[in-house]
Amino acid sequence: MATLSAEPALGWYLRNALHSEASAELLTPIADAVSASLAAAPSVKDDGAGANTAPPATAAALGCVLAAFADLPPFGSESFERNARFGAAEFALAPAELDILLLALRLRRGRHLARFCNAAQVALRNPLRVIAALLGRDPDTMHQLLMPGSRLRACGLIEFEPDDIYESGFAAILYVSRAATEAMLAPHPDRDAWRAAMIGRPCAPDLPWAAFVHLDAAAPLAARVLAAAAACGEAGVHVLLTGPPGTGKTEFARVLAARAGLTLYAAGEEANAAGEEPSRGARAAALRLSLALLRQRRDAAVLLDEAEDMLESTRSFGARRDSFSKVFLNRTLERAPVPVIWTCNDIGWMDAATLRRMTLVLRMPVPAAAHRAAIWERVLAREALALPPGTAGHLAERWPVSAGLAAGAARAARLAGGELAALETALSGVAEAVGFAAVAEHPPLPAFDPALTACADDLEALCGRLARAGAPRGWSMCLSGPPGTGKSAFAHYLAERLALPVLQKRASDLLSMWVGGSEKAIAAAFAEAQAKGALLLIDEAEALLFERSEARRAFEVSQVNEMLTWMERHPLPFVCTTNLPECLDDAVPRRFTLKLRFMALDAVGGALAFRRILGCAPPGPLPEGLTPGDFSVVRRKAELLGEDRPTCLAAWLAEELAAKGGARVPIGFRPAAPEPMPPDNASLQAA
């Protein structure tokens, strides 16, 4: 025994001990001896022919094991061994591949065997040599069967990490993938039951198709693509759903698969027995396993939810992408035998090479107010909240949030007693945490009245021409003039005449503290307007289109360039308002198809505005320079303080005018005299 080659001897004895955990237990008394003797350099000697010799003590200890083999249970008595044969038949594994799979399963189940393999790893130092010795195979053959992309690893049953740190033991080098562990170790009556356990339960939808009508044409297109791809076995078909948290991406994936007539299976979502979340490598193995098991199906699709960890490229310099390479990911995308639906919140960190391999990319927006009202109706009904009529509409207008956030807030309200205040409190915290904010309840814009709008152009005639049948829609308009002259009100009126919704953005909505962030926000605003078929209205445009020669940083110039580029190619009406047209870049005016200048009211227009907005005749001639916005401010002030005397209203108008640069007049509420005397025309003019 002293002259036996150490590697073949280890393999010969251990192959017999692999039959069961009971036989492996016999190795426990000699595991320490193996580790101590074979790991020490003086104990392992080269015999000149390239073979190592085992020391007598170790060979004798191994020999003691042989006598006990006759009484061991027969091979194949464990349920996982039967499951391994199911796997071999399912994936057409060769005998050597089945041996490797069985070894990984026995390492998972047998602590005594794992302990002995640790000692063998210390002795032989090369994981492939250890596996070859244990299985009586050639190391080169083991290398071919365990290399990345090989059949055994591609099916997702096992993982092989030859570079892993050895402190975790040999079981961290060759192991059953987490996606397969539970099903491979559990008993199953037949192969069909085993396959069902490996794939997992189908994902059934909870919402109807009508809940996603706000996706317009994109949703039915995706359903047709998935159905056709599955029916003909088209490889490499992927649909990526992206959008803010809570916009219903996961639920829409389920609804979409059902609409396409497919059974959807989720991959890589289950925690392990210790409750630990799956790693990127574990999710990759789960994807491989699902694709391999479903490859013959023509009625199935796979869901990879929250797939940022799978699809994103490296976020920081030098960070390591564990478990698989970019090449593996691209090949998976190209060769996937069944359709795959991916969901993620942000594609900003994804490699362009990954994105271009997606068949469809659907952005899941926050639904418009009309669709949000329907969502709130369903959510409130599901939670059985008895709230006043009109609550759904109020919440839809005030909170531009997704269905997921609405559902969470409604549940919190139910648990807290069902009050509307509890719902809004819960909603505000979560919504603001993920980047949504309540819409400020500003007073509605005054109805557009051409008689109260001072503009050199005939606005009614212009609206008629733009709204005529067959008129082009790809135009832009700049509305300039002092604050309060009715620019935004006219833009909304024009959109109403065109039968288009309004997507209104302020400059502050689009400016970002991050380099490149403003450009992305600008592009997203134009894309959103196009997707909704809306008139895009940007207020305070001078902040986005300022004179580039005065820019201090390169990104300020690129921000203006981004706006100019979109203005030229946007296919729908685009309107900007600005109080400071003189601050616009020199290249901006020629980009606008139409340029309208709004002015303050003259004396006649002011008198008309006094009657129509304040509801009474002016006490005398009014100064020029007032705007409809000034009258609206005074009306709100009058309603607040319960004031309706024309003389007081006229005085407040004079204060508004002075605040914009006229004569200095004290601003604020001052108690009126018991019997105020109306000011004469001269004093009013002076004010």
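Distance between the 7 Å Cα→Cβ label points at residue 206 and residue 428: 2.7 nm. Mind checking the per residue accessible area of segment 451-521 for me, 1.4 Å probe, whole number of Å²? Dividing the accessible area of segment 451-521 by its residue count gives 49 Å².
Of 562, 582, the residue with the largest accessible area leads and the full order is 582, 562 (1.4 Å probe). In this calculation the C-beta distance from residue 597 to residue 421 is compared with R0 = 45 Å, giving a FRET efficiency of 0.45.
Label point of residue 235 set 7 angstrom out along Cα-Cβ; within segment 133-157, amide nitrogens under 18 Å from it belong to 148-156. Here the label points at residue 386 and residue 531, each 7 Å from Cα along the C-beta direction, are separated by 4.0 nm in the simple model. Considering only protein heavy atoms and a 1.4 Å probe, what is the carbon-and-sulfur percentage of the accessible area of segment 136-268? Here it works out to 55 percent. Computed over segment 122-220, the quotient of the alpha carbon radius of gyration and 2.2 N^0.38 Å is 1.65.
Here each label is just a point 7 Å from Cα along the line to Cβ, and for residue 457 and residue 659 those points are 3.0 nm apart. A cut-off of 5 Å between modelled amide H atoms, ignoring neighbours fewer than 5 places along the same chain, links residue 300 with 263. Within the accessible area of segment 485-582, the carbon and sulfur atoms contribute 52%, probe 1.4 Å, all protein chains present. Once the Cβ-Cβ distance of residue 377 and residue 143 is raised to the sixth power relative to R0 = 56 Å, the FRET efficiency obtained is 0.35. Applying 1/(1 + (r/R0)^6) with r as the Cβ-Cβ distance of residue 151 and residue 213 and R0 = 41 angstrom yields a FRET efficiency of 0.35.
Probing with 1.4 Å while keeping every protein chain in the model, the per residue accessible area of segment 172-302 equals 41 Å². Sorted on the mean count of surrounding Cβ atoms within 10 Å across their residues, most packed first, peptides 411-417, 185-191, 172-178, 330-336 read 172-178, 330-336, 411-417, 185-191. Take the Cα pairs of segment 456-509, get the Kirkwood Rh, then feed it into Stokes-Einstein at 20 °C and 1.002 mPa s and tell me D in µm²/s. Translational diffusion coefficient: 171 µm²/s. With 0.36 nm allotted per residue and the present C-alpha distance subtracted, the residue 182-residue 465 stretch has 94.9 nm of extension available. A straight chain from residue 328 to residue 524 at 0.36 nm per residue would run longer than the Cα-Cα distance by 67.4 nm. Of the peptides 495-505, 148-158, the ranking by mean beta-carbon count within 10 Å, highest at the top, reads 148-158, 495-505.
Which of the residue pairs 595/660; 505/637; 520/595; 249/532; 249/326 have a Cα-Cα distance greater than 21 Å in the structure shown? Correct reply: 595/660; 505/637; 520/595; 249/326. Using the average count of surrounding beta-carbon atoms within 10 Å as a protection proxy, the listed peptides 617-625, 352-360 rank, highest first, as 617-625, 352-360. Between segment 111-147 and segment 607-649, the C-alpha centres lie 92 angstrom from each other.
The values are calculated or read from the model by the stated rules, or taken from the named source; none is laboratory data. Predicted, not measured: the structure shown is a model, and the values here were computed from it. Cβ atoms come from the backbone with ideal geometry, glycine included; neighbour counts cover every protein chain shown. Just so you know, the surface numbers come from the protein's heavy atoms only, side chains and all, with ligands and any DNA or RNA stripped out. Shrake-Rupley method; radii C 1.70, N 1.55, O 1.52, S 1.80 Å.
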